[in-house]
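Take a look at the structure set out below.
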2 protein chains.
Amino acid sequence: MDQFMRAAYEEALKGLNEGGIPIGAVLVHKEKIIGRGHNQRLQKGSPILHGEMDAYNNAGRLPASIYRECVLYTTLSPCIMCTGATLLFKIPKVVIGDEINFVGASDMLRAKGVDVQVTNEPELVTMMQTFIAEKPTVWDEDIAL
Amino acid sequence: MDQFMRAAYEEALKGLNEGGIPIGAVLVHKEKIIGRGHNQRLQKGSPILHGEMDAYNNAGRLPASIYRECVLYTTLSPCIMCTGATLLFKIPKVVIGDEINFVGASDMLRAKGVDVQVTNEPELVTMMQTFIAEKPTVWDEDIAL
């Protein structure tokens with residue numbers, strides 16, 4: 001796992017330790033992390049703070065020129081909401097650590113010209129698989145099932 | 001303007017009075033507002049809290065069954081991020097108060113089977129037109145231009 005996916009993983013583990021859903025993300029600009037976050041559904045009662053959205057939010061207000069040089073690292077395949085945010089900001093590259101437990105809207109990212117890389121890291125796949133098995137209702141709620 | 005679009009308008013005006021971007025939204029379930037919000041870019045330094053996202057967030061955690069009986073009213077055509085959230089939650093109907101100043105991703109909503117109604121209320125169109133003319137840089141930032 002490279003350093004940025006590891007940082008996203010650390011965010012996911014932070015969420016898990018808080019009793020939350022273990023999904024994390026980091027926004028990287030020129031090899032530097034400028035935003036990091038993790039799913040906040042249980043911690044903040046927020047239906048919109050998925051890991052990716054929390055990272056975008058924590059990065060704060062950024063000019064379009066910065067977004068267009070960023071890479072988003074996320075531990076789990078981004079859902080349609082996080083995909084929409086990524087397209088709004090015109091992030092050119094997304095690295096996905098697990099697209100086995102959930103297949104989000106990465107096809108839409110690709111269709112819009114985003115460079116999508118799927119790494120399927122064993123530690124991430126196992127972490128999410130375990131969480132879904134233990135708390136299926138919470139997981140279903142997170143993806144509005 | 002019907003009562004729900006008026007409530008979204010009131011949210012937009014609240015944002016304007018706070019020195020923010022005047023876009024508001026309400027989430028309505030069985031003729032009752034269960035979430036309301038307005039753009040929080042300037043107030044909270046948030047790039048993700050568009051009016052619609054703020055309304056979804058303020059509605060809190062909801063079961064999928066509730067989302068599927070909701071109507072989203074928004075004063076301005078929803079961007080791709082807010083469209084993505086609306087599709088994640090499988091909201092069946094969206095009413096847009098202004099699609100003159102900005103055309104978001106309503107075509108994507110329609111393509112996914114969402115009932116989209118565009119009302120183009122003169123008060124809303126004028127409000128946003130005035131804001132964009134006065135603060136074009138802030139507006140561009142909000143849509144990542």
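Derivation of every value follows stated rules applied to the coordinates shown; laboratory data play no part. Just so it is clear, the structure is predicted and the values come from calculations on it, not from any experiment. Neighbour counts run over all protein chains shown; Cβ positions are idealised from the backbone, glycine included.
I'm checking my understanding of the structure. Among residues of the range A:92-111 that are without any contact (Cβ under 8 Å) to a residue 40 or more places away in the chain and part of a loop (DSSP other than H, G, I, E, B), which one is nearest to the other protein chains (Cβ to nearest Cβ)?
Taking the range A:92-111 as the starting set, the residues that turn out to be without any contact (Cβ under 8 Å) to a residue 40 or more places away in the chain are A:92-94, A:96, A:98-101, A:103-111.
Now narrow it down to the ones that are part of a loop (DSSP other than H, G, I, E, B): A:92, A:98-101, A:103-105.
Numbers: A:PRO92: 13, A:ASP98: 18, A:GLU99: 17, A:ILE100: 20, A:ASN101: 17, A:VAL103: 14, A:GLY104: 9, A:ALA105: 8 Å.
The residue in question is A:ALA105.
Return yes or no: is B:ILE21 β-branched (Val, Ile, Thr), farther than 30 Å from A:ILE21 by Cα and within 13 Å of chain A (Cβ to nearest Cβ)?
Working: β-branched (Val, Ile, Thr): yes; farther than 30 Å from A:ILE21 by Cα: yes; within 13 Å of chain A (Cβ to nearest Cβ): yes.
When the stated conditions are applied, B:ILE21 passes them.
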Problem - Yes/no for A:THR130 being polar (S, T, N, Q), facing chain B (nearest Cβ under 9 Å) and free of Cβ contacts under 8 Å to residues at least 40 places away in the same chain - result: no
Problem - Number of positions in the range A:10-31 that are in contact (Cβ under 8 Å) with a residue 60 or more places away in the chain, buried (at least 22 other Cβ atoms within 10 Å of the Cβ) and in a helix (DSSP H, G or I) - result: 2
Problem - Filter result (within 10 Å of another protein chain (Cβ to nearest Cβ) and of a type in the set (Asp, Glu)) within the range A:31-63 - result: A:GLU52, A:ASP54
Fill in the blank from the handout: Residue hits (the range B:117-145; within 15 Å of B:ALA8 (Cβ to Cβ) and not in a helix (DSSP H, G or I)) are B:GLN117, B:VAL118, B:THR119, B:ASN120, B:GLU121
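If I filter the range A:37-79 down to residues being among the acidic types (Asp, Glu) and out of contact with any helix residue (DSSP H, G or I) (no Cβ under 6 Å at 6 or more places or on another chain), which single residue comes out as farthest from A:VAL116 (Cα to Cα)? Talk me through it step by step, then tell me what you get.
Step one: list which residues in the range A:37-79 are among the acidic types (Asp, Glu), which gives A:52, A:54, A:69.
This time we only want the ones that are out of contact with any helix residue (DSSP H, G or I) (no Cβ under 6 Å at 6 or more places or on another chain), so: A:54, A:69.
Details: A:ASP54: 20, A:GLU69: 14 Å.
Checked the range A:37-79; the qualifying residue farthest from A:VAL116 (Cα to Cα) is A:ASP54.
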Exercise for the section: Check the range B:58-66 and report whether any residue there is hydroxyl-bearing (Ser, Thr, Tyr) and farther than 19 Å from A:ASN58 by Cα. Expected result: yes
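When you check B:ILE66 against the structure, is it within 13 Å of chain A (Cβ to nearest Cβ) and in contact with a Lys or Arg (Cβ under 7 Å, 6 or more places away or on another chain), yes or no? First the steps, then the outcome.
On the way: within 13 Å of chain A (Cβ to nearest Cβ): yes; in contact with a Lys or Arg (Cβ under 7 Å, 6 or more places away or on another chain): no.
No.
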